[in-house]
Protein chains: 2
Amino acid sequence: MKDIRPWKVLSSRTEFRNQHSLEVCVQSVKLPDGQIVDDYYQIRTPDAAIVVAQTVEKTILAVRSYIHGARKVAISLPGGNIQVGETPIATARRELLEETGHVAESWQHLGSFIRHANQGAGWDHLFYATGATHLNEPASGDLEEMELLFLSWREILESLHSGVMVTSSHAIAVCMASLRNT
Amino acid sequence: MKDIRPWKVLSSRTEFRNQHSLEVCVQSVKLPDGQIVDDYYQIRTPDAAIVVAQTVEKTILAVRSYIHGARKVAISLPGGNIQVGETPIATARRELLEETGHVAESWQHLGSFIRHANQGAGWDHLFYATGATHLNEPASGDLEEMELLFLSWREILESLHSGVMVTSSHAIAVCMASLRNT
């Protein structure tokens, strides 16, 4: 394998920050060949946890809601931003309960993925939970109108191909859980 | 199905913009229940095209390089930002040629996915190209040191599970192409 070396961050300056933990930094980075790039920017937004939850009846818990980032009504998975001091799996358990009213028996970490290869923009931590059962009514506190759906594997995979599931991290979670399920 | 309604953007104000087409806007949005949220922010970065390219020998073209957004050396697919006036598939063809020196015979659109459900942050358009053959030497002009790899389906799927492929859009492209290939 070729020797591929990381870049060195020489300096970082915050150019924008708001009260929702969005931050834009401009970095001066030194490449392995000695070249210096003095305007390489990074985006920081909160990391999130997302869960593919399969009920004891082998259906997948999905949420139909308006996704403002994509400007469309779409199908998503339970999930949300990791709060300060929270572990990714604790976020996944909390969001599953808040958004669907379900708890799950068995949890696997599917992987963690960055939203933008160059600019970063935060990590999504993906989980696969099985043996999910209903505990109480959902109470997400989210802004969106939501409809809870119980989909078959075939239906949720079809939603990827038909453009009804539009968020990258949710799509990869469904695919990776599906690969473990088969 | 429950009636889920889109939000209405009442106003949008640019709070940050740089020379790399990164823009942060703050919107005032009206929810279907009449509630107004006056600090919902959107991130704009260039859309990109990404390609899973299978050679005539049935190997997948991958690139090993340093991914600064994730701060690690990782495996990626050919791809990059869509330039002004370019269609997503034209970007995919250009990036495949620039980064790997290959052209492909047959092209399918796998889907298009948004990087952040709430904040947007740009779309990734994913393609599956088959019958790829070598035309000339790569000449990407990218900053990164790169190693071109020819991976089996098993190897590239394994890179998802082992954390060696770390970018969401690349991972979903591999999964969706793999689902079409089987």
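The values are calculated or read from the model by the stated rules, or taken from the named source; none is laboratory data. Note that the structure is predicted; figures quoted are calculated from it, not measured. All Cβ positions, glycine included, derive from the backbone under ideal geometry; neighbour counts span all protein chains shown. Accessible surface is based on the protein model in full, side chains and every heavy atom, while ligands, DNA and RNA are left aside. Shrake-Rupley method; radii C 1.70, N 1.55, O 1.52, S 1.80 Å.
Note on chain A: dipole from Cβ charges, positive end direction compared against A:ASN118, A:ALA104, A:GLY69; the farthest Cα belongs to A:ASN118.
Scattering from the stretch A:60-135 was approximated by placing one identical point on each alpha carbon and applying the Debye formula without solvent; log10 I(q)/I(0) at 0.12, 0.16 1/Å stands at -0.38, -0.67.
Averaged over B:134-145, how many beta carbons belonging to a partner chain fall within 10 Å of each residue's beta carbon? Numbers along the way, then the final one.
Values: counts 0, 0, 0, 0, 0, 0, 0, 0, 1, 9, 6, 8.
Taking the mean over all residues of the peptide, I get 2.
How high is the relative contact order of the stretch A:1-127? Use alpha-carbon pairs under 8 Å, at least six apart in sequence, and give a whole percent. Intermediate results must be reported in sequence, preceding the final value.
Numbers: 234 pairs, mean separation 26.7, N = 127.
That works out to 21 percent.
Per residue, the average separation of C-alpha pairs within less than 8 Å and at least 6 apart gives the stretch B:67-143 a relative contact order of 28 percent.
Evaluate peptide B:58-71: per residue, the Cβ atoms of other protein chains within 10 Å of its Cβ; return the mean as an integer. All intermediate terms of the calculation are to be shown ahead of the outcome.
Numbers: counts 0, 0, 0, 0, 0, 0, 3, 3, 6, 7, 13, 12, 9, 6.
For peptide B:58-71, the averaged partner shielding equals 4.
The fraction of all Cα pairs in the protein assembly as shown landing in successive 10 Å bins from 0 to the largest distance is 5, 24, 34, 25, 11, 1, 0, given as whole percents.
At a Förster distance of 45 Å, what's the computed FRET efficiency of B:GLU105 paired with A:LYS30, Cβ-Cβ distance as r, to 0.05?
Values: r = 41 Å, r/R0 = 0.91.
So, using R0 = 45 Å, E works out to roughly 0.65.
For all pairs of alpha-carbon atoms in the stretch B:1-158, what percent lies in each bin of width 10 Å, listed from the first bin to the last filled one? For the stretch B:1-158, the binned pair fractions read 10, 31, 29, 17, 12, 2 percent.
Residues whose amide H lies under 5 Å from that of B:ALA53, counting only those 5 or more places away or on a different chain, are B:LEU61, B:ALA129; hydrogens are built 1.01 Å from N in the peptide plane. Close amide H pairs (under 5 Å, H built 1.01 Å from N) link B:VAL166 with B:ILE75, residues at least 5 positions away or on another chain. Residue-wise HN-Hα couplings along the stretch B:32-47, as the Karplus relation 6.51 cos²θ - 1.76 cosθ + 1.60 with θ = phi - 60° gives them from phi, are x, 7, x, 4, 10, 10, 9, 9, 8, 9, 10, 10, 10, 9, x, 5 Hz; Gly and Pro carry x.
Quick check for me: using +1 on Lys/Arg Cβ and -1 on Asp/Glu Cβ, what's the dipole size of the protein assembly as shown about its Cα centre, in debye to the nearest 20? Could you put the intermediate results ahead of the total?
Working: 32 positive and 42 negative charges, 11 e Å.
It comes to approximately 60 debye.
Where only DSSP H runs of four or more residues are counted, the protein assembly as shown gives -6000 deg cm²/dmol as its mean residue ellipticity at 222 nm, each run worth -39500 (n - 2.57). Exposed loop sites here mean GluC sites (Glu not before Pro) with a DSSP loop assignment and at most 15 other beta-carbon atoms within 10 Å; chain A contains its longest site-free run at A:106-182.
Along the axis of the charge dipole computed for chain B (Cβ charges of +1 for Lys and Arg, -1 for Asp and Glu, origin at the Cα centre), the listed residues B:SER11, B:CYS25, B:ALA92 are led at the positive end by B:SER11. Extension gain for the segment A:VAL84 to A:SER162, taken as residue separation times 0.36 nm less the Cα-Cα distance, is 24.5 nm to one decimal.
For the stretch A:83-94, putting each phi into the Karplus relation 6.51 cos²θ - 1.76 cosθ + 1.60 with θ = phi - 60° gives couplings of 8, 4, x, 8, 7, x, 6, 5, 4, 4, 5, 5 Hz, in residue order, rounded to whole numbers and with x for Gly and Pro.
Bridgeable lysines around A:LYS8 (alpha carbons under 23 Å apart, same-chain partners fewer than 8 residues away excluded): A:LYS30, B:LYS72.
Computed from protein heavy atoms with a 1.4 Å probe, the total accessible area buried between B and A is close to 6200 Å².
Counting DSSP beta bridges with both partners in the protein assembly as shown, what percentage is antiparallel, nearest 5?
On the way: 82 of 100 bridges.
Looking only at bridges with both residues in the protein assembly as shown, the antiparallel portion is about 80 percent.
Computed about its Cα centre, the charge dipole of chain B is approximately 600 debye, with only Lys, Arg, Asp and Glu carrying charge at their Cβ. A Cβ-based charge dipole, computed about the Cα centre of the stretch B:16-89 with Lys and Arg at +1 and Asp and Glu at -1, lands at about 400 debye. With the biggest extent put first, the Cα atoms of the stretch A:75-182 measure 41, 37, 29 Å across the principal axes.
How large is the accessible surface per residue of the stretch A:9-106, computed with a 1.4 Å probe and reported in Å² as a whole number? Working shown, then result.
Details: 4110 Å² over 98 residues.
For the stretch A:9-106, the solvent-accessible area averages 42 Å² per residue.
Could you grab the relative contact order for the stretch A:1-75? Cα pairs under 8 Å, six or more apart, rounded to a whole percent. Don't skip to the answer; put the middle values down first.
Values: 101 pairs, mean separation 14.0, N = 75.
Taking the mean separation of contacting Cα pairs over the length of the stretch A:1-75, I get 19 percent.
Taking θ as phi - 60° and the Karplus parameters 6.51, -1.76 and 1.60, the scalar couplings of the stretch A:153-164 work out to 4, 4, 5, 6, 5, 4, 5, 5, 6, 8, x, 8 Hz in sequence order, x denoting glycine and proline.
Taking amide H as placed 1.01 Å from N in the peptide plane, A:LYS72 has its amide H under 5 Å from the amide H of A:ILE67, each at least 5 places away in sequence or on another chain. Of all DSSP-defined beta bridges confined to the stretch A:35-182, some 75% are antiparallel rather than parallel.
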